[in-house]
Amino acid sequence: MANQLDELNPEVREEGLDTNVIVKKIPVKVGVGSTIFEILLWVCGILPGVIFLLAKINAQKHFDQLQQKIQRNASQIDNYLEQRVMVLQNCARLLDKAIDLDKSTFENIARYRSGGGDADVARNEIGGQIETVSRSINVAVEQYPDLQAHREIADAMQQNMYLQREITAARELYNDTIDQWNRDIFAWPAKMIVAAKNGYTTRIPFVASQEVKEKARSVFF
């Protein structure tokens, strides 16, 4: 049998490939076959039916614990985002005479932190808005050399960089848990049947904002 992927005769895409995460939640569904499978287990005897029942109970417990882990990971990201917003707000007050920051961004961030809407999607959008504000402040500091010597601004910018690294690490941990969730809900039979019964869907991982992607394409040297 020939290799499915042949590195010696590759199909080369010279123009490159820009990939994006599709913001779509896929619901878990099971067909009649799964119902027949459960019935057959009970027909075969009490023991197989009880064993599978225990498997479904364990699957439900697994999903409950996994959702708590996702919440904990998301909360960690939210904490870092909130700290970063406070740091940027302090910078904005120090720089309000030098630049005109979009105050609606901070209003949107405050609205997200108060709850409501799709948290997974909103958290991504807010992360992108924070990146935009952060870049505006960096540009302002570069344009006004006197501001660079300002001790409070220098400290705030250092905190901003530290928090960004922490957010990146926290997002990686969150995405790992989301990946586990998205795989487990389609693990047939017990987990998938439980997921379908509860109406579970896939979750959206964190993605880089458009601002970050554009910066990555920039020429640095």
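Only residues that are under 32 Å from the mean Cα position of the chain (by Cα) and of a type in the set (A, V, I, L, M): list them for region 1-39, please.
Scanning region 1-39 gives 5, 12, 17, 21, 22, 23, 26, 28, 30.
For region 1-58, name all the residues that are of a type in the set (A, V, I, L, M, F, W, C), part of a loop (DSSP other than H, G, I, E, B) and under 15 Å from residue 194 (Cα atoms).
Within region 1-58, 28, 30 meet the criteria.
Kindly state which helices (runs of 4 or more DSSP H) lie completely within region 117-221 and contain at least 3 residues that are more than 30 Å from residue 27 (Cβ to Cβ), basic (Lys, Arg) and modelled with pLDDT under 75.
Output list is empty.
Here are some conditions: (1) at pLDDT 95 or above; (2) under 24 Å from the mean Cα position of the chain (by Cα). Residue 55 meets all but one. Which one does it not meet?
Single failed check for residue 55: (2).
If I filter region 73-93 for residues that are of a type outside the set (Ser, Thr, Tyr), modelled with pLDDT under 75 and surrounded by 16 or more Cβ atoms within 10 Å (Cβ to Cβ), do I get at least one hit?
Checked region 73-93: at least one residue is of a type outside the set (Ser, Thr, Tyr), modelled with pLDDT under 75 and surrounded by 16 or more Cβ atoms within 10 Å (Cβ to Cβ).
The values are calculated or read from the model by the stated rules, or taken from the named source; none is laboratory data. This one's a predicted model, so the numbers in the text were calculated from it and none came from an experiment. Don't worry about glycine lacking a Cβ; one is built from the backbone with ideal geometry, like all the others, and counts go over all protein chains shown.
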